[in-house]
Amino acid sequence: MTQQKADTGTAPRSELLWGLIFGLAFGFLLQKGGVTKYDVIIAQLLLEDFTVVKVMLSAVVTGMLGIYLMKHLGWVELRTKSGSLGMNVIGGLLFGVGFAVLGYCPGTLAGAVGNGYLDALVGGILGILLGAGLFAELYPKLRGGVLRLGEFGNITLPDVLNVNEWVVVIPASAILILLMVWLERAGL
Amino acid sequence: MEWLTAVRWSPYVAGIGIGVLSWLTFLISKKPLGCSTAFASSSGMIRQAFEGKATALQPYYDRIGLSVDWQWMLVLGVVIGSFLSALLSGDFELLWVPERWLVAFGPAVLPRLLTALVGGIFMGFGARWADGCTSGHGISGALQLSVASWISAIFFFIGGIITAYLIFGLF
């Protein structure tokens, strides 16, 4: 929870425009990938069709190689979040319940609205706003307690292993690619 | 231009595209792709419209900031981008009840809407608790090899798989 506090002032117009442009591309890719659909997400969670995992893993491998190369060249800085077991394990499980019951995640929910899915627009959007509002209400009570349980801070795998980042990036990419090859071979 | 009107692309093409997009967001906007904070700030902005300035001073809203920011515009863009993609391929359809739900639970609209509402509450709550979602942790954090993000992403799927099996009675 040491994420930088957001600026209170309004963002420059060019920043907002880039957000919109990147969002257009993101939504386009999510829809073309098929992950704006309830049926595709549920089939993933029932382990019948691995489209969601394939989209995510190929994005992670591509993104990782590019971001770490650009970091190496001094072009970008990492933007990671700090965490704790209380935050990421319990929050992850709560999110997972919502993921399966709703059948969309926050990004694909927005994509589902664009695709014309009215359960996403009417039920999902209202629900996610209520859920986030409820968390904001409880946050003062949670932040000093359960959210700090098993706190480990803002760390990456290369930090934990105390090795040069490429010693993790290259094998991690290879493992994730092999995992995708295996998924294809298994016909999933 | 047949690729623009195709209903589906290979998941790997879509994923590689999202990976390349993440390079650009880091390079140009110095921000990772993420969606769930925008929903949280929206909940605060709606409350602010009724309750006034005091809302923005609540600890959580003070931390994330209540304004239409880069990520808010990103989420708006996702809606429009998906709409354009679906329109180009003829895949846009107004649908209340998804096929898989219909086969399992019938065509009634209200049960599906109430379920989506409850699921949305868990998701909005859980995403803030974990400080990220499938894009913020599952893609952006994971690709940076963040420990918090890998743990979150793994537990998103553990929770999701167990719940989906329970809902569809496959245990």
For chain A, the per residue accessible area (1.4 Å probe, Å²) is 42 Å²
Hey, any idea what % of segment A:2-185's accessible area is carbon plus sulfur with a 1.4 Å probe? 66 percent
Residue-averaged [θ]222 nm for chain A, counting only DSSP H segments that reach four residues, each worth -39500 (n - 2.57): -20500 deg cm²/dmol
As a test of the definition: with a 1.4 Å probe, what buried accessible area, both sides summed, do you compute for A against B, in Å² to the nearest 100? 11000 Å²
Shape verdict for chain B, please, from the Cα gyration tensor: rounded (a/c under 1.5), prolate (a/b greater than b/c) or oblate. rounded
Would you mind telling me the share, in percent, of accessible area of segment B:1-94 contributed by carbon and sulfur at probe 1.4 angstrom? 71 percent
Sorted by accessible area (1.4 Å probe), largest first, how do A:Leu134, B:Leu33 line up? A:Leu134, B:Leu33
Which of rounded, prolate, oblate describes segment A:52-188, given a ≥ b ≥ c as roots of the alpha-carbon gyration tensor eigenvalues and a/c under 1.5 marking rounded, otherwise prolate only if a/b is larger than b/c? oblate
So for segment B:1-94, using the alpha carbon gyration tensor with a ≥ b ≥ c as root eigenvalues (a/c under 1.5 gives rounded; past that, a/b versus b/c decides prolate or oblate), I'd call it oblate
Mind listing the long-range amide H neighbours of A:Glu151? Cut-off is under 5 Å, sequence gap 5 or more, other chains count too, H placed in the peptide plane at 1.01 Å from N. A:Leu85
Before anything else, pin down the relative contact order of segment A:58-188: Cα pairs under 8 Å, at least 6 apart, normalised by residue count, whole percent. 41 percent
Residues of segment A:71-88 buried by at least 50 Å² on assembly (accessible area, 1.4 Å probe, chain alone as reference): A:Arg79, A:Lys81, A:Asn88
What's the carbon and sulfur percent of segment B:98-166's accessible surface, probe 1.4 angstrom, rounded to a whole number? 84 percent
Would you mind getting the accessible area per residue of chain B, heavy atoms of the protein chains only, 1.4 Å probe, in Å²? 41 Å²
Would you please give the FRET efficiency between B:Phe168 and A:Ala174, computed as 1/(1 + (r/R0)^6) with r the Cβ-Cβ distance and R0 = 30 Å, to the nearest 0.05? 0.30
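The values are calculated or read from the model by the stated rules, or taken from the named source; none is laboratory data. Model, not experiment: these values are computed from the prediction. Glycine also receives a Cβ, built like all others from the backbone with ideal geometry; neighbour counts cover every protein chain displayed. Quick note on the areas: whole protein, heavy atoms, side chains included, nothing else; ligands and nucleic acids left out. Shrake-Rupley method; radii C 1.70, N 1.55, O 1.52, S 1.80 Å.
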